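A short write-up of the structure that comes next.
The values are calculated or read from the model by the stated rules, or taken from the named source; none is laboratory data. These numbers were taken from a predicted model, which means no experiment stands behind them. All Cβ positions, even for glycine, are placed from backbone atoms using ideal geometry, and neighbour counts span all protein chains on display.
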Amino acid sequence: MTHDTTFPTIETHMASVASLLSTMPPESGAAAAIITRPTLVPPATIFPAADNLRAFRDLTPPDPDWVIEGLEPGDVGVITAPGAAGKSMFCLNLAVAVASGQPLFGIWQVSKPGDVLYLYAEDSVESMHRRFHALCQLESISDPVIDRLTFIN
């Protein structure tokens, strides 16, 4: 039996989000956030044999490679609220926190700065421009942080 040992792709994550969002009614106002640092996870570690379970019992597991402290790496989540509740601004703040390595809203620790791919399919370019400009007026967002952000509409 062979195992697929490739890294998850952004397409895989996007398909997971699309599948999750397709189950939600349009009026829910759902927005998606992918919070991940892809890791190589061979299927043998997902469904371990008895030998691996003994190792799991006997060996201390490695610390998680948190992106945002408390959010399991590789998790896909949905942020849902009525329209105009602030979902897009929350996700934009989340993206900037990860890119900068600074705590999200000064509360939730970011393990280290990282690259961010932000998909804003529901907003226009003009709307994103206004939001990002407003955020830049409140936060000191440096060029190195901007270099780690990729926005796709």
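Test Val125 against the criterion of being within 17 Å of the chain's Cα centre (by Cα) and at pLDDT below 95, and give yes or no. Criteria not met by Val125. For region 110-122, the criterion of being modelled with pLDDT under 90, of a type in the set (Asp, Glu) and surrounded by fewer than 17 Cβ atoms within 10 Å (Cβ to Cβ) is met by at least one residue. Restricting region 142-153 to residues that are out of contact with any Pro (no Cβ under 9 Å at 6 or more places or on another chain) and in a loop (DSSP other than H, G, I, E, B) leaves a set whose member that is surrounded by the most Cβ atoms within 10 Å (Cβ to Cβ) is Asn153. Against the test of being at pLDDT 55 or above, surrounded by 10 or more Cβ atoms within 10 Å (Cβ to Cβ) and farther than 28 Å from Phe132 by Cβ, the options Phe90, Phe56, Phe47, Phe105 yield a single qualifying residue, Phe56. Within region 94-141, the residues that satisfy the criterion of being more than 15 Å from Glu69 (Cα to Cα), out of contact with any Lys or Arg (no Cβ under 8 Å at 6 or more places or on another chain) and not in a helix (DSSP H, G or I) are Leu117, Tyr118, Leu119, Tyr120, Ala121, Glu122, Ser124, Glu139, Ser140, Ile141.
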